[in-house]
């Protein structure tokens, strides 16, 4: 089930973000040094105030989340133990239906799994760049517009 994040779920969502980031971003020293406590603080103080948060829930457990800031897909993370079960696709489909005029996002150039996922779902590369400090890592900007062939 995909639904809006409810009050009191911030820690569970931040912990999904933290676990997924540690598992995926082995190439980013800043992520490997990012503590669970710091992730919870950043989620609560930075992400929640500016984003619309949607969660994927199974048996009352948050297994993934999506953060939208207007048409910008700010975050999409699935707990590592729940990956490859359709949660990412379900969250992305929700975002696309919520923003029928289109979406934009950034991901790391080295994140081949995320890049293949977004490209498979119709996102096109807009430009290559470098993420903001403290990461300062090569990134890629993507854009999706409706009417482009999208793989379910």
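Tabulated results
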| read-out | value |
| --- | --- |
| Estimated 222 nm signal from helices in the chain, with DSSP H stretches of n ≥ 4 weighted -39500 (n - 2.57), rounded to 500 | -9000 deg cm²/dmol |
| Choice from 134, 100, 29 with maximal GNM fluctuation in the chain (Cα, 10 Å cutoff) | 134 |
| Computed label-point distance, nm, for sites residue 6 and residue 116 using a 7 Å Cα→Cβ extension | 3.6 |
| Fewest-first sequence of 125, 2 by Cβ atoms within 10 Å of each Cβ | 125, 2 |
| Normalised contact order of the chain, rounded percent, pairs of Cα under 8 Å and 6 or more residues apart | 20 |
| Rounded Å value of the spacing that divides the Cα centres of the stretch 1-54 and the stretch 106-126 | 20 |
| Overall Cα dimensions of the stretch 1-65, principal axis frame, Å, largest first | 33, 24, 16 |
| Approximate spin-label separation residue 89-residue 52, in nm, with each point projected 7 Å along Cα-to-Cβ | 2.4 |
| Potential extension, residue 72-residue 23 segment - 0.36 nm per residue separation minus Cα distance | 15.3 nm |
| Translational diffusion coefficient (Stokes-Einstein; Kirkwood radius from C-alpha pairs) of the stretch 2-144 at 10 °C, 1.306 mPa s, in µm²/s | 103 |
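The numbers here are math on the coordinates, done by the rules we state, and not lab data. This is a predicted model, so every value here is computed, not measured. Please note: Cβ atoms are built from the backbone with ideal geometry, for glycine as well, and neighbour counts cover all protein chains shown.
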